[in-house]
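Encoded as structure tokens, the structure appears first; notes follow it.
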Amino acid sequence: MADKNFLSWPFFDERHRALAAGIESWCLSNLSTAHAGADGGAHGDLDAACRGLVRRLGRDGWLAHTAPDPGSTAPLDVRTLCLVRETLARHDAVADFAFAMQGLGAGPISLFGDAEQRRWLARTRGGEAIAAFALTEQQSGSDVANIALTARRDGSGYVLDGEKTWVSNGGIADVYVVFARTGEAAGAKGISAFIVPGDAAGFSVAERLDVISPHPLARIAFDRVRVPASAMIGAPGEGFKIAMATLDVFRATVAAAALGFARRALEETLKRARGRRMFDGALADLQLVQGAIAEMALDIDAAALLVYRAAWTKDSGASRVTREAAMAKLFATERAQQVVDKAVQLHGGDGVRRGHIVERLYRDIRALRIYEGASEVQKIIIARQMLAGG
Ligand SMILES: Cc1cc2nc3c(=O)[nH]c(=O)nc-3n(C[C@H](O)[C@H](O)[C@H](O)COP(=O)(O)OP(=O)(O)OC[C@H]3O[C@@H](n4cnc5c(N)ncnc54)[C@H](O)[C@@H]3O)c2cc1C
């Protein structure tokens with residue numbers, strides 16, 4: 001049983017505790033991998049699994065938390081997003097992914113979209129449309145301001161040409177938010193954001209990308225894809241700002257997912273340490289093992305404090321949580337990797353057995369230290385904030 005003591009921390013309201021219990025019970029009834037321990041989270045046809053998860057998460061109301069109601073001006077509740085991601089990740093990385101991408105993919109629309117654009121939110125929140133966030137290109141991953149995909153003004157609309165890569169939900173999404181160079185200025189100030197439906201003429205999937213943990217990813221191509229001017233989110237040249245502000249909100253949720261993986265790793269380790277007999281006792285009796293367990297628990301609590309501080313700060317009305325979110329992501333993802341590694345070690349040979357839950361976690365955690373800003377980038381963000389006076 002995962003530690004739930006953190007729910008009594010002052011960051012949470014009663015509704016958060018009820019929500020945490022609700023999503024826990026949903027996971028236990030709906031995720032076949034939940035606490036199964038040994039099936040490795042095998043999802044067979046990954047695209048079908050993701051579509052099915054989005055549909056079920058939408059049907060049961062969980063995706064309603066990923067974006068505000070189109071007609072409402074209420075902000076996103078980041079603590080809710082974090083609690084849901086933490087819980088889903090503890091049970092099943094693919095379920096967490098399906099939930100997270102509905103939020104990130106629709107994020108620029110929910111944060112900056114006009115009334116017409118926000119109509120998409122009814123579909124992403126209901127699980128009827130899958131969302132994607134297309135920022136990265138081959139030559140511009142960490143160096144976001146260097147993107148080359150162009151959007152050229154043409155009569156009443158824009159024409160998009162170029163490629164994006166590493167796009168989560170690439171190939172299965174119904175709606176993509178695409179960041180393109182419109183050229184108002186050089187670098188970051190010459191980028192705009194566009195809504196592009198997945199069935200737009202000239203749009204195609206150039207390549208599916210296979211990674212160490214199940215994740216639908218693609219390189220996608222735009223060959224004279226025409227969109228109306230009304231597809232632009234915000235004003236011309238605001239794309240970089242929109243992308244960064246979106247990541248600012250969702251970065252803390254990546255940290256929450258890492259926290260979920262770490263909690264599961266500790267939970268499995270405690271079971272193993274109590275149950276495994278050796279040297280006339282239990283694995284848990286060995287003091288070096290106790291030391292590892294203490295370090296895992298400490299990392300988890302410290303990560304949770306950073307995650308929910310960032311979420312609470314945003315929910316309390318802060319316009320930006322750049323420093324808090326970067327600290328949470330850096331610490332929670334890096335330490336979760338170490339926590340999971342200790343879990344693998346304490347499981348002995350079983351820890352590296354393909355399909356074992358801790359082997360799966362070892363693969364699931366890795367990419368979180370790279371995407372939505374690699375750990376090195378988070379350090380730079382934190383340092384710049386400090387040098388600028390906090
Ligand atoms: C599983 C997964 C899902 C993804 N989903 C999406 C998505 O949905 N949409 C999207 O647009 N992108 C997505 N990405 C792309 C992701 O955001 C990029 O991979 C990430 O930003 C790093 O870019 P890059 O791969 O080009 O690496 P590079 O930019 O080449 O960086 C390589 C490494 O260099 C180091 N580094 C980078 N900058 C610095 C620095 N300033 N100082 C010191 N070291 C540095 C880091 O260790 C980094 O990992 C995803 C990636 C993965 C792996």
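The values are calculated or read from the model by the stated rules, or taken from the named source; none is laboratory data. Since the model is a prediction, treat every value here as computed from it, not as a measurement. In this analysis, Cβ positions are derived from the backbone assuming ideal geometry, glycine residues included, and neighbour counts consider all displayed protein chains.
Quick notes on this structure:
- Residue list for segment 39-95, restricted to those being among the basic types (Lys, Arg) and surrounded by fewer than 15 Cβ atoms within 10 Å (Cβ to Cβ): Arg59
- Near pairs, Cβ below 6 angstrom, 6+ apart or cross-chain, from segment 364-376 (within 13 Å of Ala265 (Cβ to Cβ) and in a helix (DSSP H, G or I)) to any residue that is small (Gly, Ala, Ser) and more than 6 Å from the ligand (Cβ to nearest atom): Asp364/Ala93; Asp364/Ser213
- Segment 117-139, subset in contact with a Ser or Thr (Cβ under 8 Å, 6 or more places away or on another chain) and of a type in the set (A, V, I, L, M, F, W, C), residue farthest from the ligand (Cβ to nearest atom): Leu121
- Scanning segment 164-188 for residues that are away from the ligand (no atom under 16 Å from the Cβ) and either loosely packed, with under 15 Cβ neighbours inside 10 Å or under 20 Å from the mean Cα position of the chain (by Cα) (or both) yields Glu184, Ala185, Ala186.
- For Ala343, the conditions (1) over 30 Å from Asn5 (Cβ atoms); (2) more than 16 Å from the ligand (Cβ to nearest atom) all hold with the exception of (1).
- Cβ pairs under 7 Å, 6+ apart, first in segment 130-147 and surrounded by fewer than 17 Cβ atoms within 10 Å (Cβ to Cβ), second in a loop (DSSP other than H, G, I, E, B) and aliphatic (A, V, I, L, M): Gln139/Ala148; Ser142/Ala374
- Test: residue in segment 192-213 that is in a loop (DSSP other than H, G, I, E, B) and among the β-branched types (Val, Ile, Thr): yes
- Segment 218-275: number of residues that are of a type in the set (D, E, K, R), part of a helix (DSSP H, G or I) and either modelled with pLDDT of 95 or more or in contact with a strand residue (DSSP E or B) (Cβ under 8 Å, 6 or more places away or on another chain) (or both): 9
- Top-ranked residue in segment 168-196 [being of a type in the set (D, E, K, R) and over 15 Å from Met244 (Cβ atoms); ranked as modelled with the lowest pLDDT]: Glu184
- Any hit, segment 140-163, residues being under 20 Å from the mean Cα position of the chain (by Cα), near the ligand (Cβ under 10 Å from one of its atoms), among the small types (Gly, Ala, Ser) and part of a strand (DSSP E or B): yes
- Exactly one residue out of Arg384, Arg323, Arg309, Arg335 is in a helix (DSSP H, G or I) and either in contact with a strand residue (DSSP E or B) (Cβ under 9 Å, 6 or more places away or on another chain) or within 13 Å of the ligand (Cβ to nearest atom) (or both), and it is Arg384.
- Sole exception among (1) free of Cβ contacts under 8 Å to residues at least 60 places away in the same chain; (2) closer than 20 Å to Ala67 by Cα for Phe179, by number: (1)
- Residue within segment 223-230 that is surrounded by 20 or more Cβ atoms within 10 Å (Cβ to Cβ) and farther than 23 Å from Tyr371 by Cβ present: yes
- Looking across segment 196-238, not a single residue is more than 24 Å from Ala93 (Cα to Cα) and within 20 Å of the chain's Cα centre (by Cα).
- Flag if Gly389 is away from the ligand (no atom under 16 Å from the Cβ) and at pLDDT below 95: yes
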